[in-house]
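All remarks here apply to the structure that follows.
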Amino acid sequence: MSQTIVVKIGTSSLTQPDTGYLALATIAQVVDSLSRLRKLGHQVILVSSGAVGVGCMRLGLTERPRTISMKQAVAAVGQGRLIRTYDDLFTALQQPIAQVLLTRSDLVQRSRYVNAYRTFRQLLKLGVIPIVNENDTLAVEELKFGDNDTLSALVASLIGADWLFLLTDVDRLYSADPRYDPNARPIALVNQIDELEALHVEVGDRGTNWGTGGMVTKISAARIATTAGVRTVITEGRSPQNIEKILQGEAIGTLFEPQPQPFNARKRWIAHGLLPAGKLYLDSGAVNAIRQAGKSLLAAGIKEVEGEFQSQDAVQLCDSRGQEIARGIVNYSSVELQKIRGCRSEDIPSILGYEGAETVVHRDNLVLS
Ligand code: GLU
């Protein structure tokens, strides 16, 4: 059966550790494997890092740039070369590709989010492999995906993919970093991400000099993807031919099972597209009503309001310790909520002087974290 597959490859797999030059053999294998997946009838999206790394190599820089303007300039040099390399190799196999550069703000507005979805779907329909990266040259530092593990999970959520493959420089997740700890145990299957704590998995974030990710970002990417119903695999970038074997059921790498009740498309946007503009601290009754009974949030359950926001912005709903329990779209501004927090719904019209919404966050606009 045809599957929609997102594959993410990082700079540490794409470049040679000693020289920083492109790891051409690996890239050629990735191209070969993805083209095969296409021929088998699957729809494929590649999320590729490497703009900054390749730009550094092109400009003869020996370390990753530190200033923002330098990073942005270097990425502009590298992204073009990266795509050129991919296009040359994919063209040898008659596989068309497209470049899609995203910024975090492209996902915030519902209309732009849906627009991005439609573009991806159209490209896939045309048999194209979109190659995605963050638009590093123009992204504003405070509003970035930050790392491509997260970006790939958000893309997988956006398009409602079946699979996300996070290719990396180790063969799977271990209970500790196998490069430094000989007793590290391999983990083949994760049914629930929260299990990892019980397994005492230490995910140190020692990436390489050139990439920005590590196991921490991979696990948080797996969390995003699995809540969106995407089966997620961490496996080795050097053996991309394993993707096909994994699709056939071979136990290679670490498989994260998707959540049994994944979010629908609109809830995926609320959870993964929107950026919260404030926080509401709830009393324990409201926390239970939302978590256990799937209820809407009413003004009575709000203890504190943090941040400045307008009606229809996204907010985080937190317990009294500040732990996020859900997020959603709010029906009142922060100024209004300061006046009605803790009050009964029937008192709202007399406090505000007008009829407001019945709920502060309606359950249809609310997703559990
Ligand atoms: N977008 C960055 C690049 O192409 C990489 C981000 C990452 O390493 O996760 O260089």
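The values are calculated or read from the model by the stated rules, or taken from the named source; none is laboratory data. Keep in mind that this is a model prediction, so the values were computed, not measured. Every residue, glycine as well, gets a Cβ built from its backbone with ideal geometry; the counts of neighbours run over all protein chains shown. Note: areas computed on protein heavy atoms with side chains; ligands, DNA, RNA excluded. Shrake-Rupley method; radii C 1.70, N 1.55, O 1.52, S 1.80 Å.
I'd like to check one number: the per residue accessible area of the chain, probe 1.4 Å, reported in Å² as a whole number.
47 Å²
Take the Cβ atoms of Lys39 and Ser69, set R0 to 41 Å, and the FRET efficiency comes out at 0.45. Accessible area per residue was computed with a 1.4 Å probe on protein heavy atoms; Lys39 scores about 150 Å².
Could you compute the net charge surrounding Lys144? Neighbours are other residues with a C-beta less than 11 Å from the C-beta of Lys144; K and R count +1, D and E count -1.
Details: positive: Lys71, Arg104; negative: Glu134, Asp136, Glu141, Glu142, Asp147.
That sum, taken over residues with Cβ under 11 Å, equals -3.
Considering only Gly278, Gly353, Gly160, the mean-square fluctuation computed in a Gaussian network model of the chain, springs between alpha carbons under 10 angstrom, is largest for Gly353. Distant-in-sequence amide contacts of Ile45, defined by a placed amide H-H separation under 5 Å and a gap of 5 or more residues or a different chain, comprise Ile5, Val6, Val7. Ligands, DNA and RNA left out, the accessible area of the chain computed with a 1.4 Å probe is 49% carbon and sulfur. Taking Cα atoms only, the orientation of helix 68-92 departs from the longest principal axis of the chain by about 60 degrees.
Taking amide H as placed 1.01 Å from N in the peptide plane, Ile97 has its amide H under 5 Å from the amide H of Ile129, each at least 5 places away in sequence or on another chain. In order along segment 46-57, phi translates into HN-Hα couplings of 10, 9, 10, 7, x, 4, 5, x, 5, x, 4, 4 Hz, rounded to whole numbers, per the Karplus curve 6.51 cos²θ - 1.76 cosθ + 1.60 with θ = phi - 60° and x for Gly and Pro.
Of all beta bridges DSSP finds with both residues in the chain, what is the antiparallel percent, to the nearest 5? Provide the component values of the computation, followed by the final result.
Numbers: 19 of 50 bridges.
Antiparallel bridges: around 40 percent, rounded to the nearest 5.
Using only the Cα atoms of segment 55-147, build the gyration tensor, take square roots of its eigenvalues as a ≥ b ≥ c, and label the shape rounded, prolate or oblate: rounded if a/c is under 1.5, else prolate if a/b is larger than b/c, else oblate. Show your work: numbers first, answer last.
Details: a/c = 3.95, a/b = 1.16, b/c = 3.40.
Because a/c hits 1.5 or more and a/b fails to exceed b/c, segment 55-147 counts as oblate.
In units of the compact-protein estimate 2.2 N^0.38 Å, segment 237-350 shows a Cα radius of gyration of 1.47. Counting only DSSP beta bridges with both residues in segment 281-369, the antiparallel share comes to about 90 percent.
Measuring between their Cα centroids, segment 78-106 and segment 1-74 lie 10 Å from each other. Please list, or write none, the lysines whose alpha carbon is within less than 25 Å of the alpha carbon of Lys279, excluding same-chain residues fewer than 8 places away. Answer for Lys279, where 25 Å is the Cα cut-off: Lys144, Lys267, Lys295, Lys303, Lys339, listed by chain and number.
Between the amide H of Tyr332 and those of Gln312, distances stay under 5 Å, these residues lying 5 or more places away or on another chain, with hydrogens modeled in the peptide plane. Other residues whose C-beta falls under 12 angstrom from the C-beta of Ala289 contribute a net charge of +2, scoring Lys and Arg +1 and Asp and Glu -1. Angle of helix 148-159 to the longest C-alpha principal axis of the chain, folded into 0 to 90 degrees and rounded to 10: 70°. Count Lys and Arg as plus one, Asp and Glu as minus one, and take only other residues whose Cβ is under 15 Å from that of Ser111; the net charge is then +3.
I'm checking a number: the convex hull volume of the Cα atoms of the chain, normalised per residue, in Å³. What is it? Can you show the working numbers first?
Working: hull volume 53.1 nm³, N = 369.
It is 144 Å³ per residue.
Computed from the C-beta positions of Asn183 and Asp106, the FRET efficiency with R₀ = 35 Å rounds to 0.20.
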